[in-house]
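What follows is calculated from the coordinates using simple rules that are stated; it is not laboratory data. Just so we're clear, the structure is a prediction, and the values are computed from it rather than from any experiment. Don't worry about glycine lacking a Cβ; one is built from the backbone with ideal geometry, like all the others, and counts go over all protein chains shown.
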Amino acid sequence: MYLEKQNPLSEAYLRFLQLAKAFQFDNAEVEMDANERALLDALALCWYEGQPMTVREAIALDHLGSPATLHKRITRLRQKELLIAFNQDGDRRAKYLIPSEKTLDFYGYLGHNLQKVQSPVNK
């Protein structure tokens, strides 16, 4: 079915997706699949809300995969320098995961492009 008129908000989001797809991490050719991206987004959102997630909590996100699979994804995201793991003072048992500067730069780029695609909708 062909739709003649596009909803301006869906058009804005689809343009945003085009821009996000074209983004490259500082031309370093860092690849991230959709599953890694979903995990990174979940971890970054918890951090942004002031509740960084532990590795134990992250591997329990069963809607994103099995614990073993999630642990492998966390390892890959850390190797790509997109996540930082740290222990809080006084508690060496829990390892917390937070976005790296590289990840925040990526989200900054996406936010910049989101602002660009929002402009025509607000006219």
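Odds and ends about this structure:
- What the pair-distance distribution of region 8-121 shows, using all Cα-Cα distances binned every 10 Å from zero, is 13, 41, 31, 13, 2, 0 percent.
- Each Cα pair under 8 Å and six or more residues apart adds its sequence gap; the mean of these over the residue count of region 8-121 is a relative contact order of 31 percent.
- Estimated distance in nm for a label pair at L104 and L19, the labels positioned 7 Å out from Cα along Cα-to-Cβ: 2.1
- Proximity of backbone amide H atoms, modeled 1.01 Å from N, is registered between I84 and I98, S100 at under 5 Å, excluding neighbours fewer than 5 places apart on the same chain.
- The length gained on full extension between E31 and E49, counted as 0.36 nm times the residue separation minus their Cα-Cα distance, comes to 3.9 nm.
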